[in-house]
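The block underneath contains the structure these notes are about, expressed in structure tokens.
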Amino acid sequence: MQLKTPIAVADLAQRFDLQLLGRADLAVTGISELHHAQDGDLIFVDHPKYYAKALQSAATVVLIDREAEVPPGKCLLVTDTPFAVYNQLVLETRPVEPIEEKISRQARIGADTHIEPGAIIDAGVVIGEGCFIEANAVIRDGTRIGNRVRIQSGAVIGSEAFYFRRTPEGYQPWRSGGSVVIEDDADIRPNSTIARGVSSATRIGRGTKLDSQVQIGHDVKVGAHCLLAAQVGIAGNTTVGEWCILQGQVGIAQNLKIGPRSIVFAKSGVSKDLEGDREYFGYPAQEARTAFKEIALLRRLRKG
């Protein structure tokens, strides 16, 4: 998530009473999570498991809950509550604002795009030319839709990410500072949901088709010309290559990479990266030929 105006780290340190280690002349130009950090970004870390990864990331500024050696060219901001500072900054940049009108006057809608009665288009939405938005679809702030896209009734695009931090008091929600990008010629069928990214864009590639009741998690990247059948679910930060086919009720865990032209058969569960140009089946999913041979062997064993 890029900031409209950079924030000096010295100002952040003073405002939140943070200990500043490293370069005090830097400025924050974006706010990100660890998975998507870029140069100029501020991220946070508060668990020993991720200290090294955070310090070695591309992020320029790291909110951290203990002193550490500062990597060259970076700045550490030390606080007992790095998540609270991070979340406050995101909330200030992307405040929660209720929808006041069905089609916001701040939305940008291209020529020859038809929006049926009952659809809701939030502020900051950009819709291209020749699109068709059916009744009762909801498109939330920050979503960008290309040309010739169809979004059918009941679809919700750009909802808050299902992303929480566990604390002794309960689960604290992360404010989603990212967006959704739907590229040209995509088709989103009824009651599908696409969460916006926590800090980057959840992306649906050109020509990709989502069947009814498909759930796309935060920061997921789906490549061009994919087919996702009914009740497919893809968890956060997973990348699906182009021309993939995910049959009905396939579930894919978070932080995975699915290679291009993969076919995953119905009801399979994917728990690890998959190479492209192959067919997969089962739970956990494996190459389909291997899975079918194992099933045939088990049947023979049962028959004695």
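Data for the structure
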| quantity | calculated |
| --- | --- |
| 5 angstrom amide H check on ARG203, placed H, neighbours 5+ away | VAL181, VAL220, LYS221, VAL222 |
| Cleavage-rule hits, GluC sites (Glu not before Pro), the stretch 130-196, DSSP coil, Cβ neighbours within 10 Å at most 15 | GLU160, GLU169 |
| Cβ-based exposure ranking for THR29, THR60, in which fewest neighbours within 10 Å come first | THR29, THR60 |
| Gaussian network model of the chain, Cα within-10 Å springs - most flexible of ALA266, ALA230, ALA68 | ALA68 |
| Antiparallel DSSP beta bridges within the chain, as percent of all bridges there, nearest 5 | 20 percent |
| Mean Kyte hydropathy of -0.5 or more with a Cα span along the axis of at least 20 Å, helices from DSSP in the chain | 288-302 |
| Helical contribution to [θ] at 222 nm, DSSP H n ≥ 4, -39,500 (n - 2.57), averaged over the chain, rounded to 500 | -4000 deg cm²/dmol |
| Anisotropy class of the stretch 1-63 from Cα gyration tensor, a/c 1.5 cut | oblate |
| Charge dipole magnitude, Cβ of K and R +1, D and E -1 - the stretch 2-93, Cα centre, debye nearest 20 | 160 debye |
| Dipole magnitude of the chain about its Cα centre (Cβ charges: Lys, Arg +1; Asp, Glu -1), debye to nearest 20 | 1360 debye |
| Cα pair distances in the chain, grouped into 10 Å bins until the bin that holds the longest one, percent each | 6, 25, 27, 23, 14, 4, 1, 0 |
| Calculated FRET value between ALA52 and LEU297, using beta carbons and R₀ = 41 Å, to 0.05 | 0.40 |
| Residue of LEU20, LEU274, LEU76 that the Gaussian network model of the chain assigns the largest fluctuation, springs spanning Cα pairs under 10 Å | LEU20 |
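Since every read-out is calculated from the coordinates, none of them should be taken as a lab result. These numbers come from a predicted model, not from an experiment. Positions of Cβ are generated from backbone atoms using ideal geometry, with glycine treated the same way; all protein chains shown enter the neighbour counts.
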